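Comments concern the structure below.
The values are calculated or read from the model by the stated rules, or taken from the named source; none is laboratory data. All of these numbers come straight from a predicted model, not from anything done at the bench. Positions of Cβ are backbone-derived with ideal geometry, glycine not excepted, and every protein chain shown enters the neighbour counts. Note: areas computed on protein heavy atoms with side chains; ligands, DNA, RNA excluded. Shrake-Rupley method; radii C 1.70, N 1.55, O 1.52, S 1.80 Å.
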Amino acid sequence: LVDTAREIRYHNGRAFLSTSRALADDSLRLGRVYVRYTQGLGVWVNYNAERPWRIRKGGRVYELPPYGWLIEKPGSILAYSARREGARVDFVRCPEYSYLNTGGVRAAEGPLEVEGAAWLKREGEAWRLIPCGDLGTWERFPPPGLPANFQDFRLAGVPADRGCRHLVLDTQALLGKPAAQLRVVGRTESGAARPIRTRLLDDGRLQIIPGEDVVDYLIR
């Protein structure tokens, strides 16, 4: 880390306490810790193995399940592993990328709405959208040109939707442009372009329909 911690506090169920106070009244057993860094980053972690921790921050409430966490740096970073729609959802947003993993539920955060998982990363002046939910299972195989006792791994049984059953992009939130002004190109693992199907939703967002052999989408 290029930053240093300025403050470490523990929550006793009612208020945040200094480390010495938390040790004195045994608040450490709740496992609710907050760390503030010198450049404005805040980190909340729920180490409790059984009880959730509800945190109100930035006008919304985050329910941190056992071993859940929230990270925020205003105007720069938002990341959490929290309960939403009855399931655990993981999200990271920073200047260079966004990642949303919703498991088996449908949820939206930032420019993404998914059921599964997707990674949206900056690629020059464009953005690269990568569906990356359940990608199948790993299988062993002998690499070409090496003896049979050498083994490598590759994915087998990768579904056509690449583990992202629902994928919607808010182009206004991402690039400040309506979907009609953007070009979306599907690409294979080798980088070859593939035609894709999209659907413009009533609210102006763009739904991307998974295509066979398409591993990512370039948006510009």
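Here are a few things to note about the model shown:
- Sole exception among (1) closer than 21 Å to ARG106 by Cβ; (2) surrounded by 11 or more Cβ atoms within 10 Å (Cβ to Cβ) for ASP202, by number: (2)
- Among the criteria (1) touching a Phe, Trp or Tyr at 6+ places or on another chain (Cβ under 6 Å); (2) under 23 Å from ALA79 (Cα atoms); (3) open to solvent by less than 40 Å² (accessible area, probe 1.4 Å), the one VAL184 does not fulfil is (2).
- Residue, surrounded by the fewest Cβ atoms within 10 Å (Cβ to Cβ), within the stretch 80-107, restricted to residues that are among the small types (Gly, Ala, Ser) and touching a Leu at 6+ places or on another chain (Cβ under 8 Å): ALA107
- Selection count, the stretch 108-133, where residues are without any contact (Cβ under 8 Å) to a residue 60 or more places away in the chain, of a type outside the set (A, V, I, L, M, F, W, C) and surrounded by 18 or more Cβ atoms within 10 Å (Cβ to Cβ): 4
- When the stretch 66-78 is limited to residues that are closer than 16 Å to VAL33 by Cβ and not aromatic (Phe, Trp, Tyr), the one that is farthest from the chain's Cα centre (by Cα) turns out to be PRO66.
- Of the strands (runs of 3 or more DSSP E) lying entirely inside the stretch 122-181, those containing at least 3 residues that are modelled with pLDDT of 90 or more and more than 16 Å from THR102 (Cβ to Cβ) are 126-131, 137-141, 152-156.
- Counting residues in the stretch 134-155 that are closer than 23 Å to LEU201 by Cβ, out of contact with any helix residue (DSSP H, G or I) (no Cβ under 9 Å at 6 or more places or on another chain), in contact (Cβ under 8 Å) with a residue 12 or more places away in the chain and surrounded by 17 or more Cβ atoms within 10 Å (Cβ to Cβ) gives zero.
- The single condition among (1) without any contact (Cβ under 8 Å) to a residue 40 or more places away in the chain; (2) exposed (fewer than 12 other Cβ atoms within 10 Å of the Cβ); (3) at negative phi that GLY176 does not meet is (3).
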